[in-house]
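The values are calculated or read from the model by the stated rules, or taken from the named source; none is laboratory data. Just so it is clear, the structure is predicted and the values come from calculations on it, not from any experiment. Methodologically, a virtual Cβ is constructed for each residue, glycine included, from the backbone with ideal geometry; neighbour enumeration extends over all protein chains shown.
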Amino acid sequence: MRKTYRIAFRAFGAAVALAILFSCNSPINQSSASSSSQTAAPISARIVNSLTDLPAPAQSNVGQLFYVIAQTAFYYSNGTSWVTINLTGAQGATGATGATGATGATGPAGTNGVSISWQGSLSSAPSSPQLDWAYYDTTKHGSFIWDGSTWQTLALDGATGATGATGATGSTGATGATGATGPQGIPGSNAYVATVLTSNTTISLAQSPYYVEGTLVVGAGATLTIQAGVHMIFDYTASMVVEGNLVVAGSSAAHVDFSQQATYLMGYLWGAIQFGRYGTSTISYAQFNDVGLYFQASTTTSQSISWSKFAGDGFKAYSPITSVSGTAISLTNCSFSDTSSYMAINLAKGSLSASNLLFTGSWGGAVSAGGLSACSITGSDFGTTTSSAIAYGSPVAANFSGNNFGSSSLYFIMNNSGKAVSMTGCYFGGLTGTAVTAKISNGTGSTTDISSPLSSPVTVTGCGW
């Protein structure tokens, strides 16, 4: 049964005419249920504050209408419960924006700001700051201002940006100054590598310097001539073996220079210039730098060495001139300079005739001569030695007259030959009498004549260039 009601609603003391047409499936009044249609009758609605103010639904209040303020909704009774009648519609769409209103009046002027007293860039905060002092801190990388009690941050430096792309390569700069000359390189084309010379050969200045690696052999019957001004460089394990003839033809203006490529292993592997059984030599105006002459056993030939300088050690780092053979050696106008503990000249056999020799430095000894068939050294300066200037033990008389000896040498001579040795007309570094004899050591049967000593030294020039 469908019924239609017309309701008159008065709310909040204001007359509100509210015509409500509503349908319900339950009859409002059972007494009218038999009617198929009725005319709507006005119904009065009451207002209550909350749902708790509604009376209990019952048949007696079916059709009664209440507006509940707390729920903002109408309720009617169906006899068993209160049913909501929602009169609140959904919120409508937002209307179009209205026209802009007229500009309002200008407000009052604001208060002027405070001036900053800039203190510049500092590595730390200034002491005794005053209000509104500001500065840039180069340590903290930011600007700060004093507010009267603490430093407030004005701004901080930004983070370092990403590294930019590599720029184009600049133009090549100017060439720098030439560096120092490097060490001697390995041998070039002018080299002798384990070579045996079987015919006469000349080493010319035009192709100097020459390098020697391994063993350079001057064969028997062949002559090797080295021209003035030539520089021969020996590898540190190299050597020259002379079975034939060696002619070193230097001059006072252009001497021949012999040297090692490097002083490896203190020279212990250095083989020097060695002379075989039939090897002979004529050497003039030569410079030997850590390169020695070594005369091997069974050598019975003669050697002539003049106007030459020997600096440093020789064969296997020993004496610059060493002989263990029967060769006859002639030495004139030669100089020996080093601070080696060895003898400058060490002869075990053969014979020695020498004059105008000059020994400088602090050699262990100048000359060691044992087993010689003849020995004479005159007009020479033996300098200062740490041991004996001359150690003589050959079984023949010897002549060492007209020489200079350094006063600080341990001994001027140690004569263990058992023979007579002449040292007449010598200068003993200013010493006389017993001071001289104290530096003469005679072994059994040996005598040394030191008569006619000189009060001033003999002039000795050595090689003189």
Q: Would you confirm whether any residue within the stretch 220-229 is touching an Asp or Glu at 6+ places or on another chain (Cβ under 6 Å), of a type in the set (Gly, Ala, Ser) and surrounded by fewer than 18 Cβ atoms within 10 Å (Cβ to Cβ)?
A: yes
Q) In the stretch 451-465, what count of residues is obtained for those that are out of contact with any Cys (no Cβ under 7 Å at 6 or more places or on another chain), free of Cβ contacts under 8 Å to residues at least 60 places away in the same chain and within 26 Å of Gly361 (Cα to Cα)? A) 3
Q.
Every residue in the stretch 122-146 that is farther than 19 Å from Gly158 by Cα and either more than 49 Å from the chain's Cα centre (by Cα) or of a type in the set (Phe, Trp, Tyr) (or both), please.
A. Ser128, Pro129, Gln130, Leu131, Asp132, Trp133, Trp146
Q | Matching residues, the stretch 87-117, being closer than 23 Å to Ile47 by Cβ and in contact with a Phe, Trp or Tyr (Cβ under 8 Å, 6 or more places away or on another chain) | A | Leu87
Q: Within the stretch 433-450, track down each residue that is surrounded by 11 or more Cβ atoms within 10 Å (Cβ to Cβ), over 60 Å from the mean Cα position of the chain (by Cα) and in a loop (DSSP other than H, G, I, E, B).
A: Gly443, Gly445, Ser446, Ile450
Q) Name the pairs: first residue in the stretch 52-64 and assigned by TED's automatic domain parsing to the domain that holds Tyr75, second residue among the small types (Gly, Ala, Ser), Cβ to Cβ under 6 Å, at least 6 apart or on different chains? A) Pro57/Ser77; Pro57/Ser81; Gln59/Gly79; Asn61/Ser77; Val62/Ser77; Val62/Gly79; Gln64/Ser77
Q: Could you tell me whether the stretch 426-442 includes any residue that is touching a residue at least 40 places away in the same chain (Cβ under 8 Å) and either closer than 18 Å to Ala389 by Cα or not small (Gly, Ala, Ser) (or both)?
A: yes
**Q.** Some residue of the stretch 390-406 being within 21 Å of Ile329 (Cα to Cα) and under 55 Å from the mean Cα position of the chain (by Cα)
**A.** yes
Q.
Within the stretch 342-425, considering only strands (runs of 3 or more DSSP E) that don't extend past its boundaries, which have at least 2 residues that are in contact (Cβ under 8 Å) with a residue 60 or more places away in the chain and surrounded by 18 or more Cβ atoms within 10 Å (Cβ to Cβ)?
A. 351-363
Q | Flag if Ile69 is surrounded by 11 or more Cβ atoms within 10 Å (Cβ to Cβ), closer than 30 Å to Ala134 by Cβ and modelled with pLDDT of 80 or more | A | no
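May I ask you to say which residue of Ser143, Ser123 is surrounded by 17 or more Cβ atoms within 10 Å (Cβ to Cβ) and out of contact with any Cys (no Cβ under 8 Å at 6 or more places or on another chain)?
Ser143 is the lone residue from the list that is surrounded by 17 or more Cβ atoms within 10 Å (Cβ to Cβ) and out of contact with any Cys (no Cβ under 8 Å at 6 or more places or on another chain).
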Q: Kindly indicate the residue of the stretch 290-305 that is crowded, with 17+ Cβ neighbours inside 10 Å and assigned to a strand (DSSP E or B) and also modelled with the highest pLDDT among those meeting that condition.
A: Ile305
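Would you confirm whether any residue within the stretch 361-368 is modelled with pLDDT under 95, among the β-branched types (Val, Ile, Thr) and closer than 28 Å to Ser252 by Cα?
yes
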